[in-house]
Amino acid sequence: MIQNLNFPYKPSEHEAEKASNSYLMSLVALVAGLPLPIINLIATFFFFIANRKGTYFVRWHCTQALFSQAGLLCMNSFGFWWTIDIIFYNYPISGSYFAYLFTVILFNITEFISTIYLAVTTRKGKHVELWFFGPLTNLICKPDASAQ
Amino acid sequence: MHQLNKVIIQGIVLLALFFGLFFGLSQIDFIKVFHIKQTKLNTASKLGDVLWKQVEESEIIIHNDTLQKTLDSLISPILEANDIPKDSIHLHLVENSQVNAFAMPNNHLVVYTGLIKDCKKQEALQAVLGHEIAHIRKNHVMQKLSKEIGLSVLLSASGGNGALIREILKTLSSSAYDRALEKEADLTAVDYLMKANINPKPMADFMYQLAQKDVMPDGFGWISTHPESEDRAQYILSYVKGKKIGNKQMLSSKGWETFKERIAEED
């Protein structure tokens, strides 16, 4: 699910730190905003906005962090509102609900571990791409002239 | 193009993994594994029952079969015409001079005798009942409570916290819903009445009647909690304009007057 790849250039110490921070941002927000999944997305989004004019390496990793958070938001939100409906609106509780809950929890744990791994490796200046979100970022995030 | 293909293939694999895992886990009967009983997680019904107990303790409930039957005969055509199961609404008659009726969680509907006495026509009472049924059916009750009291507090209240229960009851019986929710309940009530071939116009008359009393400060629950009665009367009238209106009456004029007299005797 995670691939170590070569980046077009060797990022500087400062870039590696900023790129690593984009993942840390979503981790910190995850702790703060656990019941409301939108909070980590908002935090990552603002970090992305702040760095969207940064160097290629920083931009690339901010975008990947944003995409992976957006993916999680969709599945977490659905689970969140399903839970609210059960608690407050007499929705019947079913086996499917638990199946969905555990699926989402497993995906969240995987995402959590990958995010820690990404934060650590990008801090070392290595370029790492997540499954699906990496290639998606490659489609959108193109190198600028300064990165060549 | 190569990148795009990679994204699509990996996206499909990721989705397949998600749904595969979900489908796989769905095969496990978690309800049995966790020994879950449906009622334990049903906050609305627990809260409704706790609140109803509080009403029973603090108010005088009328257990007169004749009056209850008459009240049932007024509400039944509305429920039948709108495919609402009869046993899904728990209608209670309470001796209280306030002009008030309110809905509580778990489909409890409380009607004060003061309201019945103040209704000149049976259709006006049916309209108020329709309005409260609309609040119940559209889930307004729990929406209002979760907004005003808070989700976490409600959860703890269903355990039975006396002061909190009284506070929730006060919120339900003497404060209005959002204006949008009130309007939705009004218009839904009109729809309910029209489906049951009951004339909704007396509902507007009742609103005008309330508007005249709007100046009164206390003791008129449905008036003080439902502001802008005149506006409401107007949008109800414009909503029914041009629509086919029935004129079905459940009680004869004499029957309605007798019912009101008996209600007055109970007071």
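The values are calculated or read from the model by the stated rules, or taken from the named source; none is laboratory data. As the structure is a prediction and not an experimental result, all values here were calculated from the model. Methodologically, a virtual Cβ is constructed for each residue, glycine included, from the backbone with ideal geometry; neighbour enumeration extends over all protein chains shown.
For A:T103, are the conditions met, namely being farther than 21 Å from B:A16 by Cα and in a helix (DSSP H, G or I)?
Taking the combined requirement at face value, the residue does not satisfy it.
For the residues A:G125, A:G79, the requirement of being within 23 Å of B:H35 (Cβ to Cβ) and either of a type outside the set (S, T, N, Q) or crowded, with 20+ Cβ neighbours inside 10 Å (or both) singles out A:G79. Would you pick out the residues in the range A:71-91 that are at pLDDT below 80 and at the interface with another protein chain (Cβ under 7 Å from one of its Cβ atoms)? If the condition is that a residue be at pLDDT below 80 and at the interface with another protein chain (Cβ under 7 Å from one of its Cβ atoms), then A:I87, A:F88, A:Y89, A:N90 are the ones that fit.
Every condition in (1) surrounded by fewer than 18 Cβ atoms within 10 Å (Cβ to Cβ); (2) within 14 Å of chain A (Cβ to nearest Cβ); (3) closer than 23 Å to B:G130 by Cα; (4) among the aliphatic types (A, V, I, L, M) is met by B:A44 except one, and the failing one is (1).
Scanning the range B:20-34 for residues that are part of a helix (DSSP H, G or I) and either in contact with a strand residue (DSSP E or B) (Cβ under 6 Å, 6 or more places away or on another chain) or surrounded by 11 or more Cβ atoms within 10 Å (Cβ to Cβ) (or both) turns up B:G20, B:L21, B:F22, B:F23, B:G24, B:L25, B:S26, B:F30, B:I31.
Scanning the range A:92-106 for residues that are surrounded by 19 or more Cβ atoms within 10 Å (Cβ to Cβ) and not aromatic (F, W, Y), we see that the one that is farthest from the other protein chains (Cβ to nearest Cβ) is A:V104. Answer with yes or no whether B:L172 is modelled with pLDDT of 80 or more, closer than 27 Å to B:K46 by Cα and out of contact with any Leu (no Cβ under 8 Å at 6 or more places or on another chain). So B:L172 does not fit the description; no. Of all the listed residues (B:D49, B:D65, B:D72, B:D83), the sole one being in contact (Cβ under 8 Å) with a residue 24 or more places away in the chain and of a type in the set (D, E, K, R) is B:D49.
Any residue at all in the range A:107-122 that is at the interface with another protein chain (Cβ under 9 Å from one of its Cβ atoms) and in a helix (DSSP H, G or I)?
Scanning the range A:107-122 turns up at least one residue that is at the interface with another protein chain (Cβ under 9 Å from one of its Cβ atoms) and in a helix (DSSP H, G or I).
When the range B:102-123 is examined, which residues are found to be closer than 15 Å to B:M207 by Cβ and surrounded by fewer than 24 Cβ atoms within 10 Å (Cβ to Cβ)? Of everything in the range B:102-123, those that are closer than 15 Å to B:M207 by Cβ and surrounded by fewer than 24 Cβ atoms within 10 Å (Cβ to Cβ) turn out to be B:D118, B:C119, B:K120, B:K121. A residue that is closer than 30 Å to A:T83 by Cβ, within 19 Å of the chain's Cα centre (by Cα) and among the small types (G, A, S) occurs somewhere in the range B:45-52.
Residue check: is A:I49 without any contact (Cβ under 8 Å) to a residue 60 or more places away in the chain and within 7 Å of chain B (Cβ to nearest Cβ)? Answer is no for this residue.
If I filter the range A:26-37 for residues that are within 14 Å of another protein chain (Cβ to nearest Cβ) and closer than 30 Å to B:V141 by Cα, do I get at least one hit? Yes - at least one qualifying residue is present in the range A:26-37.
The single condition among (1) part of a helix (DSSP H, G or I); (2) among the β-branched types (V, I, T); (3) farther than 30 Å from A:K10 by Cα that A:I93 does not meet is (1).
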